[in-house]
Amino acid sequence: MADDPAPPALATDPFAGFRAILDGWGQILAPAAAAGRDKVDRQDKRFSAPEWEHPVFDLMRQGYATMADAMMGSVERLEGVAPGEKARMAFAMRTLVEAMSPANSPLTNPVALNKAIETGGASLASGFAHLLADLHRGQLTHTPAQAFEVGVNIATTPGKVVHETPLYQLIQYAPTTPTVAKTPLVIFPPWINRFYILDLSPEKSFIRWAVAEGLTVFMVSWKSADASMKDVVWDDYVAAQIDAIDTIRGVLDVKSVHAIGYCVAGTTLAATLAVLAAQGKAKKVKSATFFTAQVDFSEAGELLNFVDDANLALVEQLSGEGFLDGRYMAATFNLLRGRDLIWSTVVNNYLLGKDYPAFDLLHWNGDVTNLPAKWHRAYLADLYRDNKLAGPGAMTVMGKPIDLRTIETPAYIQAGREDHIAPAASVWKITHHFAGPLRFVLAGSGHIAGVVNPPSSGKYQYWTGDAKAATLDQFVEGATEHKGSWWPDWVAWVRGFGADEVAAKDARIPGEGKLAAIEDAPGRYVKER
(Lines give C-alpha, C1' and ligand atoms only; values in the text may rest on other atoms or scores of the structure.)
Protein backbone atom coordinates (compact mmCIF):
# COMPACT_ATOMS: atom_id res chain seq x y z
CA MET A 1 0.00 0.00 0.00
CA ALA A 2 1.35 3.39 -0.96
CA ASP A 3 2.35 5.82 1.78
CA ASP A 4 -0.27 8.38 2.73
CA PRO A 5 0.39 11.77 1.16
CA ALA A 6 1.95 14.40 3.42
CA PRO A 7 -0.68 16.51 5.17
CA PRO A 8 -1.06 20.02 3.84
CA ALA A 9 0.91 22.71 5.65
CA LEU A 10 -2.31 24.36 6.84
CA ALA A 11 -3.22 21.23 8.81
CA THR A 12 0.00 21.37 10.85
CA ASP A 13 0.32 25.13 11.03
CA PRO A 14 -2.99 27.01 11.00
CA PHE A 15 -1.07 30.24 10.48
CA ALA A 16 0.88 29.00 7.46
CA GLY A 17 -1.31 31.00 5.09
CA PHE A 18 -0.78 34.16 7.09
CA ARG A 19 2.97 33.61 7.12
CA ALA A 20 3.01 32.96 3.38
CA ILE A 21 1.10 36.17 2.63
CA LEU A 22 3.37 38.14 4.96
CA ASP A 23 6.50 36.73 3.36
CA GLY A 24 5.11 37.35 -0.10
CA TRP A 25 4.61 41.00 0.68
CA GLY A 26 8.05 40.98 2.27
CA GLN A 27 9.65 39.99 -1.03
CA ILE A 28 7.83 42.79 -2.82
CA LEU A 29 8.65 45.42 -0.19
CA ALA A 30 12.24 44.36 0.53
CA PRO A 31 13.86 46.89 -1.87
CA ALA A 32 11.85 49.78 -0.37
CA ALA A 33 12.73 48.67 3.16
CA ALA A 34 16.41 48.44 2.32
CA ALA A 35 16.38 51.89 0.73
CA GLY A 36 15.00 53.52 3.87
CA ARG A 37 17.12 51.67 6.40
CA ASP A 38 18.88 54.91 7.40
CA LYS A 39 15.63 56.00 9.08
CA VAL A 40 15.98 53.23 11.69
CA ASP A 41 17.32 54.30 15.07
CA ARG A 42 19.39 51.34 16.23
CA GLN A 43 19.31 52.66 19.82
CA ASP A 44 15.51 52.55 20.00
CA LYS A 45 14.75 49.45 22.09
CA ARG A 46 11.13 49.40 20.93
CA PHE A 47 12.25 48.18 17.50
CA SER A 48 15.46 46.32 18.29
CA ALA A 49 14.10 42.74 18.16
CA PRO A 50 15.13 40.77 15.03
CA GLU A 51 11.46 40.36 14.04
CA TRP A 52 11.44 44.03 13.03
CA GLU A 53 13.93 43.27 10.24
CA HIS A 54 11.12 41.66 8.19
CA PRO A 55 10.50 44.12 5.34
CA VAL A 56 6.81 44.58 6.19
CA PHE A 57 7.52 45.56 9.79
CA ASP A 58 10.74 47.32 8.87
CA LEU A 59 8.70 49.69 6.70
CA MET A 60 6.26 50.18 9.57
CA ARG A 61 9.00 51.35 11.92
CA GLN A 62 10.52 53.50 9.18
CA GLY A 63 7.17 55.10 8.44
CA TYR A 64 6.62 55.69 12.13
CA ALA A 65 10.02 57.37 12.46
CA THR A 66 9.22 59.68 9.53
CA MET A 67 5.79 60.52 10.94
CA ALA A 68 7.20 61.11 14.44
CA ASP A 69 9.84 63.50 13.10
CA ALA A 70 7.22 65.39 11.10
CA MET A 71 4.83 65.70 14.05
CA MET A 72 7.53 66.87 16.47
CA GLY A 73 8.95 69.19 13.83
CA SER A 74 5.56 70.83 13.32
CA VAL A 75 5.70 72.05 16.91
CA GLU A 76 9.33 73.11 16.68
CA ARG A 77 8.59 75.24 13.63
CA LEU A 78 5.74 77.17 15.26
CA GLU A 79 6.35 80.90 15.45
CA GLY A 80 4.87 83.53 17.72
CA VAL A 81 4.24 81.05 20.56
CA ALA A 82 5.45 81.76 24.08
CA PRO A 83 8.27 79.41 25.17
CA GLY A 84 6.25 77.90 28.02
CA GLU A 85 3.27 77.21 25.78
CA LYS A 86 5.52 75.75 23.10
CA ALA A 87 7.12 73.43 25.65
CA ARG A 88 3.67 72.19 26.73
CA MET A 89 2.70 71.58 23.11
CA ALA A 90 5.93 69.67 22.48
CA PHE A 91 5.35 67.52 25.56
CA ALA A 92 1.77 66.77 24.49
CA MET A 93 2.91 65.94 20.96
CA ARG A 94 5.66 63.65 22.23
CA THR A 95 3.14 61.86 24.44
CA LEU A 96 0.85 61.37 21.43
CA VAL A 97 3.71 60.21 19.21
CA GLU A 98 4.84 57.64 21.78
CA ALA A 99 1.28 56.32 22.04
CA MET A 100 1.07 55.89 18.24
CA SER A 101 4.09 53.59 18.03
CA PRO A 102 3.38 50.39 16.04
CA ALA A 103 5.12 48.52 18.87
CA ASN A 104 2.08 49.24 21.07
CA SER A 105 -0.44 47.26 19.00
CA PRO A 106 -0.73 43.47 18.79
CA LEU A 107 -1.53 43.81 15.08
CA THR A 108 1.62 45.74 14.18
CA ASN A 109 4.14 44.38 16.66
CA PRO A 110 5.80 41.33 15.07
CA VAL A 111 7.16 40.10 18.40
CA ALA A 112 3.65 40.06 19.87
CA LEU A 113 2.24 38.43 16.75
CA ASN A 114 4.82 35.63 16.83
CA LYS A 115 4.23 35.11 20.54
CA ALA A 116 0.49 34.85 20.01
CA ILE A 117 1.00 32.31 17.21
CA GLU A 118 3.48 30.26 19.24
CA THR A 119 1.22 30.11 22.29
CA GLY A 120 -2.02 29.64 20.44
CA GLY A 121 -3.27 33.00 21.72
CA ALA A 122 -2.43 32.28 25.37
CA SER A 123 -0.07 35.27 25.55
CA LEU A 124 -2.83 37.66 24.50
CA ALA A 125 -5.26 36.04 26.94
CA SER A 126 -2.77 36.51 29.76
CA GLY A 127 -2.13 40.08 28.69
CA PHE A 128 -5.84 40.82 28.58
CA ALA A 129 -6.16 39.53 32.13
CA HIS A 130 -3.36 41.91 33.17
CA LEU A 131 -5.17 44.77 31.44
CA LEU A 132 -8.48 44.03 33.19
CA ALA A 133 -6.74 43.84 36.57
CA ASP A 134 -5.08 47.22 36.02
CA LEU A 135 -8.34 48.81 34.89
CA HIS A 136 -9.95 47.56 38.09
CA ARG A 137 -7.01 48.84 40.14
CA GLY A 138 -6.93 52.17 38.35
CA GLN A 139 -3.16 52.01 38.02
CA LEU A 140 -0.46 50.32 35.98
CA THR A 141 1.08 47.28 37.65
CA HIS A 142 4.86 46.91 37.48
CA THR A 143 5.55 44.08 39.97
CA PRO A 144 3.68 41.01 41.23
CA ALA A 145 1.15 41.93 43.92
CA GLN A 146 2.59 39.55 46.52
CA ALA A 147 6.29 39.93 45.73
CA PHE A 148 7.02 42.53 48.40
CA GLU A 149 5.66 43.39 51.81
CA VAL A 150 6.76 46.39 53.81
CA GLY A 151 8.45 45.28 56.99
CA VAL A 152 8.94 41.73 55.69
CA ASN A 153 11.32 41.89 52.72
CA ILE A 154 11.59 45.65 52.20
CA ALA A 155 11.88 48.41 54.82
CA THR A 156 13.37 45.93 57.28
CA THR A 157 16.09 47.96 59.03
CA PRO A 158 15.42 47.39 62.77
CA GLY A 159 14.04 50.35 64.69
CA LYS A 160 11.09 51.76 66.59
CA VAL A 161 8.53 54.50 66.09
CA VAL A 162 9.26 56.85 69.02
CA HIS A 163 7.09 59.86 68.20
CA GLU A 164 3.84 60.38 66.33
CA THR A 165 1.67 63.28 65.17
CA PRO A 166 -1.35 63.38 62.84
CA LEU A 167 1.08 64.23 60.01
CA TYR A 168 4.08 61.97 60.58
CA GLN A 169 5.74 59.20 62.56
CA LEU A 170 9.35 59.47 63.70
CA ILE A 171 11.39 56.27 63.45
CA GLN A 172 14.64 55.77 65.35
CA TYR A 173 16.86 52.97 64.06
CA ALA A 174 18.80 50.60 66.30
CA PRO A 175 22.59 51.09 66.34
CA THR A 176 24.87 48.35 65.02
CA THR A 177 28.19 49.83 66.20
CA PRO A 178 29.48 50.07 69.80
CA THR A 179 29.77 53.85 69.53
CA VAL A 180 27.93 56.38 67.40
CA ALA A 181 28.49 59.95 66.27
CA LYS A 182 27.24 62.39 68.87
CA THR A 183 25.28 64.44 66.33
CA PRO A 184 22.32 62.40 65.01
CA LEU A 185 20.88 62.35 61.51
CA VAL A 186 17.24 63.00 60.60
CA ILE A 187 15.96 62.19 57.11
CA PHE A 188 12.96 63.93 55.57
CA PRO A 189 11.70 61.91 52.58
CA PRO A 190 9.21 63.30 50.06
CA TRP A 191 5.58 62.76 51.10
CA ILE A 192 4.72 62.23 47.43
CA ASN A 193 6.19 58.73 47.88
CA ARG A 194 6.88 56.25 50.69
CA PHE A 195 10.04 56.74 52.76
CA TYR A 196 11.36 53.25 52.14
CA ILE A 197 12.96 54.25 48.86
CA LEU A 198 15.90 54.73 51.25
CA ASP A 199 15.31 51.32 52.87
CA LEU A 200 14.64 48.83 50.09
CA SER A 201 16.44 45.49 50.22
CA PRO A 202 19.24 45.44 52.85
CA GLU A 203 21.99 45.74 50.24
CA LYS A 204 20.33 48.87 48.75
CA SER A 205 19.30 50.54 52.00
CA PHE A 206 20.81 53.98 52.63
CA ILE A 207 19.40 53.84 56.16
CA ARG A 208 21.04 50.50 56.99
CA TRP A 209 24.33 51.72 55.50
CA ALA A 210 24.25 54.99 57.47
CA VAL A 211 23.57 53.08 60.69
CA ALA A 212 26.52 50.81 59.94
CA GLU A 213 28.65 53.94 59.45
CA GLY A 214 28.00 54.82 63.10
CA LEU A 215 25.23 57.38 62.75
CA THR A 216 22.13 57.55 64.93
CA VAL A 217 19.49 57.68 62.22
CA PHE A 218 15.94 59.00 62.48
CA MET A 219 13.44 58.82 59.62
CA VAL A 220 10.21 60.76 59.18
CA SER A 221 7.37 58.63 57.79
CA TRP A 222 4.61 60.87 56.44
CA LYS A 223 0.95 59.99 56.66
CA SER A 224 -0.84 59.45 53.36
CA ALA A 225 -3.46 62.17 53.12
CA ASP A 226 -7.13 61.60 53.79
CA ALA A 227 -10.14 63.86 54.32
CA SER A 228 -8.89 64.80 57.80
CA MET A 229 -5.94 66.59 56.16
CA LYS A 230 -7.96 68.85 53.84
CA ASP A 231 -6.61 72.00 55.52
CA VAL A 232 -2.95 70.95 55.63
CA VAL A 233 -0.64 73.47 53.94
CA TRP A 234 3.10 73.85 53.46
CA ASP A 235 3.48 75.57 56.82
CA ASP A 236 2.38 72.32 58.46
CA TYR A 237 5.19 70.37 56.81
CA VAL A 238 7.76 72.99 57.82
CA ALA A 239 6.41 72.90 61.37
CA ALA A 240 6.63 69.09 61.29
CA GLN A 241 10.29 69.23 60.28
CA ILE A 242 11.05 71.61 63.14
CA ASP A 243 9.07 69.41 65.52
CA ALA A 244 11.09 66.35 64.47
CA ILE A 245 14.37 68.26 64.91
CA ASP A 246 13.36 69.45 68.37
CA THR A 247 12.09 66.00 69.37
CA ILE A 248 15.42 64.41 68.45
CA ARG A 249 17.41 67.12 70.20
CA GLY A 250 15.34 66.55 73.32
CA VAL A 251 15.43 62.77 73.42
CA LEU A 252 19.22 62.63 72.83
CA ASP A 253 20.06 65.82 74.71
CA VAL A 254 22.06 67.30 71.82
CA LYS A 255 22.23 70.86 70.52
CA SER A 256 21.92 70.08 66.82
CA VAL A 257 21.24 67.48 64.15
CA HIS A 258 22.36 66.68 60.63
CA ALA A 259 19.37 66.81 58.27
CA ILE A 260 18.64 65.32 54.84
CA GLY A 261 15.79 66.47 52.61
CA TYR A 262 14.87 64.46 49.52
CA CYS A 263 13.07 66.10 46.57
CA VAL A 264 10.06 68.12 47.81
CA ALA A 265 11.13 67.51 51.41
CA GLY A 266 14.47 69.09 50.48
CA THR A 267 12.63 72.13 49.13
CA THR A 268 10.78 72.21 52.45
CA LEU A 269 14.04 71.79 54.38
CA ALA A 270 15.30 74.97 52.70
CA ALA A 271 12.21 76.80 53.94
CA THR A 272 12.73 75.27 57.40
CA LEU A 273 16.32 76.53 57.50
CA ALA A 274 15.16 80.01 56.47
CA VAL A 275 12.50 80.00 59.21
CA LEU A 276 15.05 78.88 61.81
CA ALA A 277 17.43 81.60 60.65
CA ALA A 278 14.68 84.20 61.02
CA GLN A 279 13.99 82.89 64.52
CA GLY A 280 17.66 83.03 65.46
CA LYS A 281 17.72 79.24 65.85
CA ALA A 282 19.74 78.20 62.80
CA LYS A 283 22.26 76.23 64.89
CA LYS A 284 19.66 73.54 65.58
CA VAL A 285 20.79 72.09 62.23
CA LYS A 286 24.54 71.48 62.02
CA SER A 287 24.47 70.51 58.35
CA ALA A 288 21.85 70.09 55.66
CA THR A 289 21.95 67.64 52.76
CA PHE A 290 19.72 67.96 49.72
CA PHE A 291 18.94 64.94 47.53
CA THR A 292 17.71 66.09 44.09
CA ALA A 293 15.94 69.09 45.63
CA GLN A 294 14.98 72.40 44.03
CA VAL A 295 14.49 75.88 45.48
CA ASP A 296 14.53 77.85 42.22
CA PHE A 297 12.02 76.44 39.73
CA SER A 298 12.85 78.60 36.72
CA GLU A 299 14.40 75.56 34.99
CA ALA A 300 12.37 72.81 36.63
CA GLY A 301 11.96 70.71 33.50
CA GLU A 302 8.90 68.99 32.12
CA LEU A 303 6.83 69.15 35.31
CA LEU A 304 6.37 72.83 34.40
CA ASN A 305 4.00 71.52 31.72
CA PHE A 306 1.50 70.62 34.45
CA VAL A 307 1.13 73.99 36.19
CA ASP A 308 -1.03 75.98 33.79
CA ASP A 309 -4.53 77.06 34.77
CA ALA A 310 -6.16 74.03 33.16
CA ASN A 311 -4.05 71.56 35.12
CA LEU A 312 -4.50 73.45 38.39
CA ALA A 313 -8.27 73.41 37.83
CA LEU A 314 -8.07 69.67 37.18
CA VAL A 315 -6.27 69.15 40.51
CA GLU A 316 -9.16 70.90 42.23
CA GLN A 317 -11.74 68.79 40.41
CA LEU A 318 -9.96 65.58 41.39
CA SER A 319 -9.68 66.60 45.06
CA GLY A 320 -13.30 66.73 46.09
CA GLU A 321 -12.67 65.15 49.51
CA GLY A 322 -9.74 67.42 50.30
CA PHE A 323 -6.96 65.17 49.03
CA LEU A 324 -5.55 64.12 45.68
CA ASP A 325 -5.48 60.40 45.01
CA GLY A 326 -1.84 59.37 44.63
CA ARG A 327 -2.61 57.44 41.47
CA TYR A 328 -2.97 60.73 39.58
CA MET A 329 0.51 61.84 40.61
CA ALA A 330 1.88 58.41 39.71
CA ALA A 331 0.36 58.74 36.25
CA THR A 332 1.96 62.18 35.88
CA PHE A 333 5.42 60.90 36.79
CA ASN A 334 4.94 57.90 34.49
CA LEU A 335 4.17 60.27 31.61
CA LEU A 336 7.55 61.92 32.06
CA ARG A 337 9.11 58.58 31.10
CA GLY A 338 6.29 57.20 29.01
CA ARG A 339 8.39 54.75 26.99
CA ASP A 340 9.88 53.11 30.09
CA LEU A 341 7.04 53.27 32.59
CA ILE A 342 3.92 53.08 30.41
CA TRP A 343 4.48 51.65 26.95
CA SER A 344 7.08 49.06 27.90
CA THR A 345 4.52 47.73 30.39
CA VAL A 346 1.85 47.69 27.69
CA VAL A 347 4.11 45.69 25.40
CA ASN A 348 5.59 43.27 27.92
CA ASN A 349 2.59 42.62 30.14
CA TYR A 350 -0.40 43.22 27.86
CA LEU A 351 0.79 42.26 24.36
CA LEU A 352 3.33 39.57 25.28
CA GLY A 353 1.53 38.43 28.44
CA LYS A 354 4.76 38.26 30.43
CA ASP A 355 4.79 37.90 34.19
CA TYR A 356 5.75 40.99 36.15
CA PRO A 357 9.35 41.22 37.39
CA ALA A 358 9.90 41.12 41.16
CA PHE A 359 11.80 44.43 41.33
CA ASP A 360 11.67 46.32 44.63
CA LEU A 361 12.21 49.73 43.05
CA LEU A 362 9.23 49.27 40.72
CA HIS A 363 7.12 48.09 43.65
CA TRP A 364 7.97 51.30 45.51
CA ASN A 365 7.20 53.35 42.40
CA GLY A 366 3.65 51.97 42.38
CA ASP A 367 3.10 52.29 46.15
CA VAL A 368 1.44 55.68 45.89
CA THR A 369 0.49 58.20 48.60
CA ASN A 370 -2.35 60.70 48.64
CA LEU A 371 -1.58 64.41 48.86
CA PRO A 372 -3.38 67.18 50.78
CA ALA A 373 -5.18 69.08 48.02
CA LYS A 374 -4.76 72.59 49.44
CA TRP A 375 -1.03 72.11 49.87
CA HIS A 376 -0.54 70.43 46.52
CA ARG A 377 -2.27 73.13 44.52
CA ALA A 378 -0.33 75.86 46.35
CA TYR A 379 2.91 73.96 45.75
CA LEU A 380 2.30 73.80 42.01
CA ALA A 381 1.20 77.44 41.78
CA ASP A 382 3.54 79.15 44.24
CA LEU A 383 6.73 77.22 43.57
CA TYR A 384 6.56 75.67 40.10
CA ARG A 385 4.47 78.29 38.32
CA ASP A 386 5.33 81.51 40.18
CA ASN A 387 8.76 80.53 41.57
CA LYS A 388 8.12 82.49 44.76
CA LEU A 389 10.61 80.63 46.93
CA ALA A 390 13.47 82.05 44.86
CA GLY A 391 12.32 85.62 45.48
CA PRO A 392 13.46 87.05 48.83
CA GLY A 393 10.39 87.76 50.96
CA ALA A 394 7.94 86.62 48.28
CA MET A 395 6.64 83.82 50.52
CA THR A 396 5.72 83.74 54.18
CA VAL A 397 5.93 80.46 56.12
CA MET A 398 4.96 80.14 59.78
CA GLY A 399 4.70 83.91 59.91
CA LYS A 400 8.25 84.46 58.65
CA PRO A 401 9.16 85.89 55.23
CA ILE A 402 11.39 83.39 53.46
CA ASP A 403 14.79 84.60 52.28
CA LEU A 404 17.11 81.82 51.17
CA ARG A 405 20.06 84.19 51.31
CA THR A 406 19.91 84.03 55.12
CA ILE A 407 20.73 80.29 55.13
CA GLU A 408 24.30 79.90 56.36
CA THR A 409 23.97 76.23 57.34
CA PRO A 410 26.65 74.15 55.56
CA ALA A 411 24.98 72.26 52.74
CA TYR A 412 25.74 69.15 50.68
CA ILE A 413 23.82 69.28 47.39
CA GLN A 414 23.41 66.13 45.32
CA ALA A 415 21.94 66.17 41.81
CA GLY A 416 21.37 63.43 39.25
CA ARG A 417 22.89 63.91 35.81
CA GLU A 418 19.91 62.28 34.05
CA ASP A 419 17.23 63.41 36.49
CA HIS A 420 13.96 64.08 34.64
CA ILE A 421 12.01 65.19 37.74
CA ALA A 422 14.49 67.61 39.32
CA PRO A 423 16.92 68.42 36.47
CA ALA A 424 20.53 68.86 37.53
CA ALA A 425 20.58 72.42 36.19
CA SER A 426 17.62 73.25 38.41
CA VAL A 427 19.15 71.64 41.51
CA TRP A 428 22.37 73.55 40.81
CA LYS A 429 20.52 76.82 41.36
CA ILE A 430 20.62 76.19 45.11
CA THR A 431 24.23 77.37 44.90
CA HIS A 432 22.95 80.79 43.77
CA HIS A 433 20.79 81.29 46.85
CA PHE A 434 22.42 79.86 49.98
CA ALA A 435 25.00 81.91 51.86
CA GLY A 436 26.84 79.15 53.73
CA PRO A 437 29.60 76.76 52.65
CA LEU A 438 28.47 74.35 49.94
CA ARG A 439 29.56 71.04 48.45
CA PHE A 440 27.90 70.18 45.15
CA VAL A 441 28.03 66.61 43.86
CA LEU A 442 26.70 65.51 40.48
CA ALA A 443 25.82 61.81 40.50
CA GLY A 444 25.41 59.53 37.54
CA SER A 445 21.88 58.36 36.66
CA GLY A 446 18.61 59.99 37.68
CA HIS A 447 16.16 60.93 40.40
CA ILE A 448 16.15 57.52 42.11
CA ALA A 449 19.12 55.44 40.94
CA GLY A 450 21.36 58.48 41.30
CA VAL A 451 20.47 58.56 45.00
CA VAL A 452 20.01 54.86 45.76
CA ASN A 453 23.47 53.75 44.69
CA PRO A 454 25.21 51.82 47.49
CA PRO A 455 29.00 51.45 47.40
CA SER A 456 28.65 47.68 47.11
CA SER A 457 26.99 47.99 43.70
CA GLY A 458 30.04 49.49 42.02
CA LYS A 459 27.72 51.35 39.64
CA TYR A 460 27.76 54.79 38.08
CA GLN A 461 30.04 57.64 39.10
CA TYR A 462 29.95 61.13 40.57
CA TRP A 463 31.68 64.44 39.99
CA THR A 464 33.03 66.93 42.51
CA GLY A 465 34.46 70.36 41.89
CA ASP A 466 34.12 74.04 42.57
CA ALA A 467 30.60 74.76 43.87
CA LYS A 468 31.25 78.46 43.24
CA ALA A 469 31.27 78.00 39.47
CA ALA A 470 28.86 80.34 37.72
CA THR A 471 26.94 77.59 35.91
CA LEU A 472 26.50 73.84 36.02
CA ASP A 473 28.33 73.57 32.70
CA GLN A 474 31.32 75.36 34.20
CA PHE A 475 31.19 73.06 37.20
CA VAL A 476 31.18 69.98 34.96
CA GLU A 477 34.01 71.36 32.83
CA GLY A 478 36.30 71.63 35.84
CA ALA A 479 34.94 68.68 37.85
CA THR A 480 36.76 65.52 38.86
CA GLU A 481 35.07 62.21 38.08
CA HIS A 482 35.00 59.45 40.72
CA LYS A 483 33.88 55.89 40.04
CA GLY A 484 31.12 54.33 42.10
CA SER A 485 28.84 55.65 44.82
CA TRP A 486 28.96 59.16 46.28
CA TRP A 487 27.76 57.89 49.69
CA PRO A 488 31.31 57.61 51.15
CA ASP A 489 32.02 61.17 50.02
CA TRP A 490 28.91 62.35 51.86
CA VAL A 491 29.65 60.54 55.12
CA ALA A 492 33.21 61.89 55.09
CA TRP A 493 31.75 65.38 54.67
CA VAL A 494 29.38 64.82 57.62
CA ARG A 495 32.22 63.53 59.82
CA GLY A 496 34.08 66.72 59.08
CA PHE A 497 31.71 68.57 61.42
CA GLY A 498 33.00 66.74 64.47
CA ALA A 499 34.36 63.35 65.43
CA ASP A 500 32.79 63.22 68.91
CA GLU A 501 31.25 59.84 69.67
CA VAL A 502 29.12 58.41 72.45
CA ALA A 503 28.33 54.89 73.55
CA ALA A 504 25.47 53.25 71.68
CA LYS A 505 23.32 52.78 74.78
CA ASP A 506 20.48 54.37 76.76
CA ALA A 507 18.72 56.96 74.58
CA ARG A 508 20.67 55.80 71.56
CA ILE A 509 18.66 52.58 71.73
CA PRO A 510 15.15 53.17 70.31
CA GLY A 511 12.59 53.27 73.11
CA GLU A 512 15.12 53.39 75.95
CA GLY A 513 15.31 57.18 76.22
CA LYS A 514 12.73 59.76 77.16
CA LEU A 515 10.35 58.50 74.50
CA ALA A 516 8.83 55.03 74.78
CA ALA A 517 8.58 52.93 71.65
CA ILE A 518 5.16 53.14 70.03
CA GLU A 519 5.61 50.27 67.58
CA ASP A 520 8.28 48.53 65.51
CA ALA A 521 9.65 50.10 62.38
CA PRO A 522 8.56 50.72 59.70
CA GLY A 523 5.38 51.77 61.54
CA ARG A 524 1.79 51.79 60.39
CA TYR A 525 1.72 55.14 58.52
CA VAL A 526 3.80 53.70 55.69
CA LYS A 527 1.33 50.83 55.36
CA GLU A 528 -1.82 52.95 55.19
CA ARG A 529 -3.42 53.33 51.79
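The values are calculated or read from the model by the stated rules, or taken from the named source; none is laboratory data. Nothing here was measured: the structure is a model prediction, and the numbers come from that model. Positions of Cβ are generated from backbone atoms using ideal geometry, with glycine treated the same way; all protein chains shown enter the neighbour counts. Protein only, heavy atoms only, side chains kept; ligands, DNA and RNA dropped before computing areas. Shrake-Rupley method; radii C 1.70, N 1.55, O 1.52, S 1.80 Å.
Rounded to the nearest angstrom and ordered from largest down, what semi-axes does the equivalent ellipsoid of the stretch 82-139 get from its C-alpha gyration tensor (root of 5λ)? Show your work: numbers first, answer last.
On the way: eigenvalues 213, 56, 4 Å².
Value: 33, 17, 5 Å, ordered largest first.
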Practice problem: Quickly rank 215-227, 171-183 as a protection proxy: mean count of other C-beta atoms within 10 Å, highest first. | Solution: 215-227, 171-183
Practice problem: Would you work out which of A90, V111, S123 lies farthest towards the positive end of the dipole of the stretch 80-134? Charges go on Cβ: Lys and Arg +1, Asp and Glu -1. | Solution: A90
Quiz item: With +1 on each Lys and Arg Cβ and -1 on each Asp and Glu Cβ, how big is the dipole of the stretch 490-529 about its Cα centre, in debye rounded to the nearest 20?
Solution: 160 debye
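The stretch 117-214: percent of C-alpha pairs farther apart than 18 Å?
On the way: 2975 of 4753 pairs.
So the pairs more than 18 Å apart make up 63 percent of the total in the stretch 117-214.
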Self-check item: For the stretch 275-322 and the stretch 364-437, distance of Cα centres in Å
Solution: 5 Å
Exercise. On the protein heavy atoms, probe 1.4 angstrom, tell me the percent of accessible surface of the stretch 86-152 carried by carbon and sulfur.
Key: 66 percent
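Restricting to the chain, what percent of DSSP beta bridges are antiparallel, rounded to 5? Spell out each step's value before the answer.
Values: 26 of 50 bridges.
Taking every DSSP beta bridge with both residues in the chain, the antiparallel ones total about 50 percent.
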Quiz item: Just going by the charge dipole of the stretch 341-393, with Lys and Arg at +1 and Asp and Glu at -1 on Cβ, which of Y384, P357, S344 is farthest out on the positive end?
Solution: Y384
Quiz item: Once Rh is set to the Kirkwood radius over Cα pairs, what Stokes-Einstein translational diffusion coefficient, in µm²/s, holds for the stretch 21-134 at a temperature of 37 °C and a viscosity of 0.692 mPa s?
Solution: 203 µm²/s
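Where in the chain are the DSSP H helices whose alpha-carbon span along the long axis reaches 18 Å or more and whose Kyte-Doolittle mean is at least 1.6? Intermediate results must be reported in sequence, preceding the final value.
On the way: long enough: 16-35 (28 Å, 0.84); 55-76 (31 Å, 0.20); 83-99 (24 Å, -0.05); 122-137 (23 Å, 0.55); 234-252 (28 Å, 0.31); 264-278 (21 Å, 1.87).
Within the chain the helices that satisfy the rule are 264-278.
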Exercise. Let me know the shape class of the stretch 380-435, please: from the alpha-carbon gyration tensor, a ≥ b ≥ c as square roots of the eigenvalues, rounded when a/c is under 1.5, otherwise prolate if a/b is greater than b/c, or oblate.
Key: oblate
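Can you tell me the order of 33-40, 261-268 when each peptide is scored by its average per-residue count of other Cβ atoms within 10 angstrom, highest first?
On the way: 33-40: 13.1, 261-268: 25.6.
Most protected by this proxy first, the peptides run 261-268, 33-40.
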Quiz prompt | Among S74, W52, V150 - extreme Cα towards positive end, dipole of the stretch 9-154, charges at beta-carbon | solution = S74
Self-check item: Per residue value of the accessible surface for the stretch 372-417 (all protein chains in place, 1.4 Å probe), Å²
Solution: 39 Å²
Quiz item: Sorted by average packing, counted as other Cβ atoms within 10 angstrom per residue and highest first, what order do 249-257, 468-476, 420-428 take?
Solution: 420-428, 249-257, 468-476
Quiz item: Under a point spin-label approximation (7 Å from Cα along Cα-to-Cβ), what is the I117-W25 distance to one decimal in nm?
Solution: 1.3 nm
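Per residue, how big is the convex hull of the stretch 414-484 when only Cα atoms are used? Give it in Å³. Provide the component values of the computation, followed by the final result.
Working: hull volume 5.8 nm³, N = 71.
Convex hull volume per residue, Cα atoms: 82 Å³.
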Quiz item: Which percent of the accessible area of the stretch 421-491 is formed by carbon and sulfur heavy atoms (probe 1.4 angstrom)?
Solution: 50 percent
Quiz prompt | Cα convex hull of the chain, projected area averaged across orientations, nm² | solution = 31.1 nm²
Practice problem: Keeping all protein chains in place, calculate the accessible area per residue for the stretch 440-498 (probe 1.4 angstrom), answer in Å². | Solution: 45 Å²
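Counting only protein heavy atoms and using a 1.4 Å probe, what share of the accessible area of the stretch 300-366 belongs to carbon plus sulfur, as a whole percent? Write down the numbers at each step before the final one.
Values: 1650 of 3020 Å².
Carbon and sulfur together cover 55 percent of it.
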